[in-house]
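Remarks on the structure that follows.
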Amino acid sequence: MDFSQLRKGEIAAAIGGVLLAIAVFIPAYSPSDNPNATIAGGKVDASIWDANNITRVMLLLAAITPIFLLYIVIRGHELSWPRGELTAVIGLTAVTLVFWHGVIQRPGEPAGQIGLAPGWFLAFVAALAIAIGGAIRASASERRRKPPGVL
């Protein structure tokens, strides 16, 4: 195990992963004063865990991805793709999911009466940190070039 191989990208992605796991359980949606505004069947603030059935699992899986990147880097495993590339892709997927459920299609009824709470902003920033950290690590490793005509 060689901890000297860790760089800023992996550390930023790992911090983003921990923050994303925490943000899933912090209130992310807040109903307005409208008596008809409800989230997950109630008039109280709701977290991503309470309001989104499938997205919550996907975000938790995205949160553990940077931990695998740390493990791969520390152990020095050889991969057929640049280290951090998969973490960046999963981070971008998490950013898209959080953005979708916060800006485009908010949970609750009526959707226009649902506001965003600190948990959503933390989840968005954490997912961005995962994507950027993975991209930084992927750009630091060089791809092996193949001769012309080889797939």
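Just so you know, all these numbers are worked out from the coordinates, no wet-lab data involved. None of the values given here were measured: they were computed from a predicted structure. So basically every Cβ, Gly included, is an ideal-geometry build from the backbone, and we count neighbours across all protein chains shown.
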Sequence order, segment 100-113: Karplus ³J(HN,Hα) from phi using 6.51 cos²θ - 1.76 cosθ + 1.60, θ = phi - 60°, Hz rounded, Gly and Pro as x, gives 4, 7, x, 10, 8, 9, 6, x, x, 10, x, 4, x, 9
Select from Leu79, Leu60, Leu19 the residue whose mean-square fluctuation is largest in a Gaussian network model of the chain (Cα-Cα springs shorter than 10 Å). Leu79
With the alpha-carbon atoms as the only input, what is the per residue convex hull volume for the chain in Å³? 111 Å³
Report the residue, chosen from Ala111, Ala135, Ala94, that carries the largest GNM mean-square fluctuation when the chain is represented by alpha-carbon nodes joined by springs under 10 Å. Ala111
Return the long-range amide H neighbours of Leu116 (sequence gap of 5 or more, or a different chain), with a cut-off of under 5 Å between placed amide H atoms. Ser30
Additional length obtainable on full extension of the chain from Lys146 to Thr96, 0.36 nm per residue less Cα span: 14.7 nm
Sequence-distant or interchain residues sharing an amide H contact under 5 Å with Gly108, placed H: which? Ala40
In whole Å, largest first, the alpha carbons of segment 13-70 cover along the principal axes 47, 19, 10
Residue of Ile74, Ile114, Ile130 that the Gaussian network model of the chain assigns the largest fluctuation, springs spanning Cα pairs under 10 Å: Ile74
Segment 21-140 - percent relative contact order, Cα under 8 Å, separation 6 or more: 38 percent
Taking Cα atoms, how many degrees apart are the long axis of helix 8-23 and the longest axis of the chain, rounded to 10 and kept between 0 and 90? 20 degrees
Separation in nanometres of the label points that stand 7 Å from Cα toward Cβ, at Leu79 and Ala40: 3.2 nm
Between the Cα axis of helix 118-140 and the main Cα principal axis of the chain, the angle (0 to 90°, nearest 10) is 10 degrees
Karplus-derived 3J(HN,Hα), 6.51/-1.76/1.60, for each residue of segment 84-98, Hz, glycine and proline x: x, 5, 5, 4, 5, 5, 5, x, 5, 5, 5, 4, 5, 5, 5
Subtracting the Cα-Cα distance of Ile67 and Ile11 from 0.36 nm times their residue separation yields 19.2 nm
